[in-house]
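Undergrad: One structure is given below, represented as structure tokens, and several questions about it will come after.
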Ligand SMILES: [Zn+2]
């Protein structure tokens, strides 16, 4: 969300007040305009507005996709009386109607692919993110590792390779490792630790 000067008259998404050209407002693409005092500031508030806008847009993509699929499937099921007639399918030589049908079928398949891309786009649009989400994910991994590992465990540390946990702090772990270049200890973000698997043991 960012402050702008209104260029075209609009309405505040929250209170509905009219915002006229020249006024200050808060704006986010696809989400809309807010009067400065209505600006959503809490992460969950921002998420609600973004989710609403994203869902509206995603619904539109899904509607388009559905219409495309219906049209394409009507084409692919057209003229059933002749479509499955083996002579019609295999007769050598040019049959203009058969050519047209093949071309139209090709377009219908392409249209289904476009519909699939639209559905994928709708799906990804629905995953709205706000500031703080990434940190929450990292913290979730740290909590998981704090619970499943203890001092003395041998773990995979990502870039530092295999190591033994010497100490578990709030956000990091002190890990010791004896490798070809000697023994070292390093502080690793708890989120980076993972169990040793047969692949990297
Ligand atoms: Zn307002």
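Undergrad: Which order, highest average first, do 79-90, 58-69, 95-106, 16-27 follow once you tally other Cβ atoms within 10 Å for each residue and take the mean per peptide? Don't skip to the answer; put the middle values down first.
TA: Numbers: 79-90: 10.2, 58-69: 16.3, 95-106: 12.0, 16-27: 14.7.
Descending packing order for the listed peptides: 58-69, 16-27, 95-106, 79-90.
Undergrad: With both bridge residues required to lie in the chain, what share of the DSSP beta bridges run antiparallel, to the nearest 5%?
TA: On the way: 26 of 26 bridges.
Antiparallel: roughly 100 percent of the beta bridges in the chain.
Undergrad: Per DSSP helix of 4 or more residues, -39500 (n - 2.57); summed, then divided by the residues of the chain. What does that give at 222 nm, rounded to the nearest 500?
TA: -15000 deg cm²/dmol
Undergrad: Let me ask something else. Okay, which of the stretch 49-70 sit inside 19 Å, backbone N to the point 7 Å along the Cα-Cβ direction of residue 133?
TA: 49-62
Undergrad: Just subtract the alpha-carbon distance of residue 159 and residue 91 from 0.36 nm times their residue separation and send over the number in nm, one decimal.
TA: Values: separation 68, 0.36 × 68 = 24.48 nm, distance 6.39 nm.
Full extension of this stretch gives 18.1 nm more.
Undergrad: Under the √(5λ) rule applied to the eigenvalues of the Cα gyration tensor, what semi-axes describe the equivalent ellipsoid of the chain? Give them in Å, descending. Please list the in-between numbers first.
TA: Details: eigenvalues 534, 286, 30 Å².
They are 52, 38, 12 Å, listed largest first.
Undergrad: Roughly what angle does helix 43-76 make with the longest principal axis of the chain, taking Cα atoms, 0 to 90 degrees, to the nearest 10?
TA: Around 30 degrees separate the two axes.
Undergrad: Label-point separation (nm) for residue 117 and residue 18, each offset 7 Å from Cα along Cα-to-Cβ?
TA: So the two model labels end up 4.2 nm from each other.
Undergrad: If you don't mind, another one. How many angstrom lie between the Cα centre of the stretch 128-180 and the Cα centre of the stretch 50-68?
TA: One Cα centre to the other: 39 Å.
Undergrad: Cα axis of helix 96-125 to longest principal axis of the chain: angle in degrees, 0 to 90, nearest 10?
TA: Helix 96-125 and the main axis of the chain meet at about 30 degrees.
Undergrad: Taking 8 Å as the Cα distance limit and 6 or more residues as the minimum spacing, I'd like the relative contact order of the stretch 1-132 as a percentage.
TA: 25
Undergrad: Taking 0.36 nm per intervening residue step and subtracting the Cα-Cα distance, what contour gain separates residue 167 from residue 71 on full extension? Walk me through the numbers on the way to the answer.
TA: Working: separation 96, 0.36 × 96 = 34.56 nm, distance 6.28 nm.
The residue 167-residue 71 span can extend by a further 28.3 nm.
Undergrad: Obtain the nm distance between the two label points defined at residue 51 and residue 83 by a simple spin-label model: each point lies 7 Å from its Cα along the Cα-to-C-beta direction.
TA: Taking the simple label geometry, residue 51 and residue 83 are separated by 4.1 nm.
Undergrad: If you line up the long axis of helix 133-148 against the longest principal axis of the chain, both from Cα atoms, how many degrees apart are they, to the nearest 10?
TA: Here the helix axis deviates by roughly 50 degrees.
Each reported figure results from applying straightforward, stated rules to the coordinates on display, with no laboratory input. A quick note: this is a predicted structure, and the numbers were derived from the prediction, not measured. Positions of Cβ are backbone-derived with ideal geometry, glycine not excepted, and every protein chain shown enters the neighbour counts.
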